[in-house]
Amino acid sequence: MSEYTLTVKGNPIPAARMTQRSKWSKGARRSLAWQETVAYAWMEQTGNATLKGPVVIEMKFYRKTRHITDIDNLIKGTMDGIQYAGGFEKGDHQVWKIQAEKHIDKENPRVEMVA
């Protein structure tokens, strides 16, 4: 099985919980823009690779501030971007294990991922 690395520059944005009505809110639009950024980075950096079989992922989130953000929503926003790019053969339910960390980096916010 191949190993892929991904670095997405920019302040990681958590996934927004959306309903039909709230999908046009500022938070939802920011979340969708982040997912699109992740998708383009995935396609560019991995050659639009598709992860097959059970997947193990390590993620490090480097945010600009200590603003309260749940790590599970950061994971979800990034995983949704990879799924949007077609990065999973059958969907993100292929992920069997995730290891994730949050850090502060005011100068270089980003996500680093190995899958």
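The values are calculated or read from the model by the stated rules, or taken from the named source; none is laboratory data. Quantities reported herein were computed from a predicted structural model and do not represent experimental measurements. Methodologically, a virtual Cβ is constructed for each residue, glycine included, from the backbone with ideal geometry; neighbour enumeration extends over all protein chains shown. Areas reflect the complete protein model, heavy atoms only, side chains present, ligands, DNA and RNA absent. Shrake-Rupley method; radii C 1.70, N 1.55, O 1.52, S 1.80 Å.
Numbers at a glance
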{"read-out": "Karplus (6.51, -1.76, 1.60) ³J(HN,Hα), θ = phi - 60°, over the stretch 48-57, in Hz, Gly and Pro reported as x", "value": "6, 5, 10, 7, 10, x, x, 10, 10, 10"}
{"read-out": "Point-charge dipole on Cβ atoms (K/R +1, D/E -1) for the chain, about Cα centre, debye to 20", "value": "620 debye"}
{"read-out": "Two-site FRET efficiency, residue 9 against residue 97, from Cβ-Cβ distance with R₀ of 30 Å, rounded to 0.05", "value": "0.70"}
{"read-out": "Choice from 87, 27, 77 with maximal GNM fluctuation in the chain (Cα, 10 Å cutoff)", "value": "27"}
{"read-out": "Extension gain, residue 50 back to residue 28 (0.36 nm per residue minus Cα-Cα distance, nm)", "value": "5.3 nm"}
{"read-out": "Pairs from 76/102; 26/97; 26/90; 26/76; 60/97; 60/106 whose Cα-Cα separation, in the structure shown, is over 20 Å", "value": "26/97; 26/90"}
{"read-out": "Relative contact order %, the chain, counting alpha carbon pairs below 8 Å whose residues are six or more apart", "value": "43 percent"}
{"read-out": "1.4 Å probe accessible area per residue over the chain, in Å²", "value": "62 Å²"}
{"read-out": "Computed lengthening from residue 114 to residue 72, 0.36 nm per intervening residue step minus Cα-Cα distance", "value": "13.4 nm"}
{"read-out": "Largest-first ordering by accessible area, 1.4 Å probe, given options 113, 43", "value": "43, 113"}
{"read-out": "Prolate/oblate/rounded label for the chain (Cα gyration tensor, a/c 1.5)", "value": "oblate"}
{"read-out": "Share of carbon and sulfur in the accessible heavy-atom surface of the chain [1.4 Å probe, %]", "value": "50 percent"}
{"read-out": "Once exposed loop GluC sites (Glu not before Pro) are cut out (DSSP; at most 11 other Cβ, 10 Å), longest piece of the chain", "value": "4-88"}
